[in-house]
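Engineer: Structure provided below as structure tokens; questions to follow.
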Amino acid sequence: MKQARNRRIRTLLAYLGGIVSALGFGWTVSIGREQNAALGVAVGLAVLTVLLVAIGTNLLLTARRLEAGEDVPASDYRHTIPVFAVLVGVVLVGVGLRGLAVPETFGQFGHFRGAAATEARVKTPRHLGKDACKKCHEKELTLHDKDMHAAVQCETCHGAGSAHVADPKKVHLVKPNTKQDCLVCHQAMAARPGRFPQIQWRDHFKFAGVDDEKIECVKCHSPHEPLFLDRDVRKARLHPMINRCRDCHVGRTDATLKQPDDHPPLFQCNYCHKEIAAKFAQLPHAKIDCTTCHIFQQVSDTAGRIVRDADPRFCLLCHGAADFRSKNGPPTIEWPAHRDEMGSGEEDATKRCVDCHQENYIHPVGHAALLPAAVAPAGEVTATAPAADPTATAGQEETK
Amino acid sequence: MTDRKKNESAADRSAITRRKVLKAMGITSGLLLVRCTPAAPPTGQASDGYDWSKHYWGYAIDTEKCIGCNACMRACRAENDVPEGVFRTWVERYEITKSGEVRVDAATHDNFVFAETKGDDVAQAFFVPKICNHCEKSVCNQVCPVGAAYRTVDGVVLVDPEQCVGCGYCVQACPYGSRFINPKTHTADKCTLCYHRITKGLLPACVQACPREARIFGDMKDPKSKLSMLLRQKRFRLLKPELGTHPKCYYLGLDREVV
């Protein structure tokens, strides 16, 4: 009877040993796993509890038998020794190996080496931003910041600058000045957004009257000041965009809106600036698009910034005399010789092209021209769009 | 008990007794208990004052602005020494023909300039910049067998090059193709969101290099950051949201053809 009980206890202990080994293994593996951290600790404690309960039970049973005057053979308790030794051995070896294999900070923040996140921050940045360039190249940067390339960082064209900043005399940055360098962005491509300025350079050369194919873009366009804007592109006033029927046809319901076949395309300049467009159509520049001079930069779904150009250098992009100009191209002049020739003294030294050529070659400006014509295609709706501020300068006007 | 003690002779002392065994068991158990006490509570504060628990970095791409100049890719390579033939970020060109066929290509050679498109059958075309989505439930670190792929508290998925064994499981697991095995180090490599820059208050190299501000980076824990404002105001789409990876790269103006 008693022997049978002892056998049962021994069997139970052996089973317990197996369970404990499995739990111990699971515990060793699960440590450090973010989602299992609590489980790991719980399993660890369970292992110890089971061990102690098993040993305690054996001790109590043996003690009770001794008290009863029984002669307890060593075989009744000795079996716990190898079981315990194996268990502890497995766990100790597991923990030891884990300690060797798993780095120190592993599990600090989750199932990864905590120090790795710190190490990932060590590297020194190589692109420093345009503020780092400003210290030495303020002149270029000031020009750059007002023109159409304002959003382009210096390092986008010139490459990472940290080495140059560290040793400006030895390390020099690249000055990309070939056609290919410009065409990286400005090559006409179906996938490029429609409003982004893009060219087929051969067509562009033809348009600008450039015969020599070896001429680089930078001969006419300064990369820092590509359009010679006379107003900061970022500070130009917002101009509303006409996108939806109700932008013009205010207060009408869908039922009353018709879709006439001859409705002009949306967002055409002459939509609002009717009169000025009609006059412009008679002038020599008629074939040129309004947005060639009045650059439109969309800033949101309903508004964009329009900048115009009255800097003589803008006109000279097409009209400046140069060796590479074709005779069939636009008429050219020498500048500022042309101004000195036509002028009569010092007061003319600041004159721009538009000061003389406005009326007959470009288009008339003034308050009347600035205001949009009574708006809307059929003229049946009151002006809602674009009421241009009369105090605004000519930069706002649009013509066709 | 006392009888037993008396009976113990000097020769018996060297023998294994229950008492000795129990002592050894107790000591070992105690030692184990010491070993399994949890480590000191982790803190996120680095020595230079950057606290990663205060940030949650996200990324947005306005596909309608991208001009496909690949300035981002060049900047990334210069900043992070990305070897030839592999990419941490890239730009895909989608061309949808009039018959509905979708053509996708990327500029992987010749200074990463897109070749001119041939043929005039294109009905619609646009560029889609691609980058690691830094998923909230990233697949890549779930499959890593050695704990080398991980997510930082501030939401960046990184690789620990010291732990990585280069098995490439994460490369296969990523549904966005954002990972690769670095041919020089032979470990997994990927976009780090320029972790060395953003934790110093700088923008990732690709975001800074973008001339059209098509790439937007910001802290989603800061309601005033450019990214937070944009996500409040605009409608955006995620790549492969059905996979449940919870990507953190938000796409504005994305067409249905894009996968």
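Only the coordinates and a few stated rules stand behind these numbers; no lab work does. These numbers were taken from a predicted model, which means no experiment stands behind them. In this analysis, Cβ positions are derived from the backbone assuming ideal geometry, glycine residues included, and neighbour counts consider all displayed protein chains.
Engineer: Let me check I have the definition right: for region B:69-118, take the eigenvalues of the Cα gyration tensor, multiply each by 5, take square roots. What are those semi-axes in whole Å, largest first?
Structural biologist: In descending order the semi-axes read 26, 10, 8 Å.
Engineer: Here's something else I'd like to know. Can you tell me the FRET efficiency between B:Ser53 and B:Thr108 if r is taken as the Cβ-Cβ distance and R0 is 22 Å, rounded to the nearest 0.05?
Structural biologist: For R0 = 22 Å, the calculated efficiency reads 0.05.
Engineer: Let me ask another. Once the Cβ-Cβ distance between A:Lys135 and A:Leu52 is put in as r, and R0 is 45 Å, what FRET efficiency do you end up with, to the nearest 0.05?
Structural biologist: 0.05
Engineer: Work out from phi, with θ = phi - 60° and the Karplus expression 6.51 cos²θ - 1.76 cosθ + 1.60, the ³J(HN,Hα) of each residue of region B:155-170, listed in order in whole Hz, and give x for Gly and Pro.
Structural biologist: With coefficients 6.51, -1.76 and 1.60, one gets x, 10, 8, 10, 10, 8, x, 6, 8, 4, 9, x, 6, x, 4, 5 Hz.
Engineer: Count, for each residue of B:196-208, the Cβ atoms from other chains sitting within 10 Å of its Cβ, then give me the mean as a whole number.
Structural biologist: The shielding value for this peptide is 4.
Engineer: Considering only C-alpha atoms, what is the centroid distance from region B:178-205 to region A:184-206, in Å?
Structural biologist: Cα centres, region B:178-205 to region A:184-206: 33 Å.
Engineer: How large is the translational diffusion coefficient of region A:68-140 in µm² per second when you combine the Kirkwood radius over alpha carbon pairs with Stokes-Einstein at 4 °C and 1.567 mPa s?
Structural biologist: Estimated via Stokes-Einstein, D reaches 69 µm²/s.
Engineer: Between the alpha-carbon centers of region A:62-108 and region A:297-331, tell me the distance in whole angstrom.
Structural biologist: Region A:62-108 and region A:297-331 have Cα centres separated by 89 Å.
Engineer: From the backbone phi of region A:285-297, what are the Karplus-calculated ³J(HN,Hα) couplings (6.51 cos²θ - 1.76 cosθ + 1.60, θ = phi - 60°) in whole Hz, Gly and Pro given as x?
Structural biologist: 3J(HN,Hα) across region A:285-297, in whole Hz: 8, 3, 6, 7, 6, 3, 6, 5, 9, 9, 5, 10, 10.
Engineer: Averaged across the residues of A:105-116, what count of C-beta atoms belonging to other chains lies within 10 Å of each residue's C-beta?
Structural biologist: 6
Engineer: Here's another thing I want to ask about it. Just grab the label-to-label distance for A:Ala349 and B:Lys200, each label 7 Å out from Cα along the Cβ direction, in nm (one decimal).
Structural biologist: Between A:Ala349 and B:Lys200, the label points sit 4.8 nm apart.
Engineer: Separation between the A:Ile81 and B:Phe236 pseudo-spin-labels, each 7 Å from Cα along Cα→Cβ, expressed in nm?
Structural biologist: About 6.9 nm separates the two model spin labels.
Engineer: Determine the relative contact order of region A:103-187: mean sequence separation of Cα pairs under 8 Å and six or more apart, normalised by residue count, in whole percent.
Structural biologist: Over region A:103-187, the number comes to 21 percent.
Engineer: Please list, in order along region A:191-200, the HN-Hα scalar couplings obtained from phi with the Karplus expression 6.51 cos²θ - 1.76 cosθ + 1.60 (θ = phi - 60°), rounded to whole Hz, x for Gly and Pro.
Structural biologist: 7, 6, x, x, 7, 6, x, 8, 9, 9
Engineer: Then there is this: Set the bar at 18 Å for Cα to Cα. Now go through B:Lys190/B:Lys248; B:Lys130/B:Lys190; B:Lys130/B:Lys221; A:Lys123/B:Lys200 and name every pair that lies beyond it.
Structural biologist: B:Lys130/B:Lys221
Engineer: What distance in nm separates the two pseudo spin-label positions at A:Val72 and A:Leu97, each 7 Å out from Cα along the beta-carbon direction?
Structural biologist: 3.6 nm
Engineer: Strictly over 27 Å apart at the Cα level, which of A:Lys130/B:Lys240; A:Lys135/A:Lys175; A:Lys179/A:Lys274 would you flag in this model?
Structural biologist: Correct reply: A:Lys130/B:Lys240; A:Lys179/A:Lys274.
Engineer: Follow-up question, since we're still on this one. Take the Cβ-Cβ distance between B:Cys167 and A:Asp323 as r, set R0 to 56 Å, and report the resulting FRET efficiency rounded to the nearest 0.05.
Structural biologist: 0.30
Engineer: Can you list residues whose amide H is under 5 Å from B:Gln124's amide H, if they're 5+ apart or on another chain and H is modeled 1.01 Å from N?
Structural biologist: Amide H neighbours of B:Gln124: B:Ile96.
Engineer: Taking 0.36 nm per residue of sequence separation and subtracting the Cα-Cα distance, how much length would be gained by fully extending the chain between A:Thr118 and A:Arg64, in nm to one decimal?
Structural biologist: Fully extending the segment from A:Thr118 to A:Arg64 adds 13.5 nm.
Engineer: Give the aspartates and glutamates reachable from A:Lys214 as a straight Cα distance under 19 Å; neighbours fewer than 8 places away on the same chain don't count.
Structural biologist: Counting by Cα, and skipping residues close in sequence, A:Lys214 has these aspartates and glutamates nearby: A:Asp181, A:Asp203, A:Asp323.
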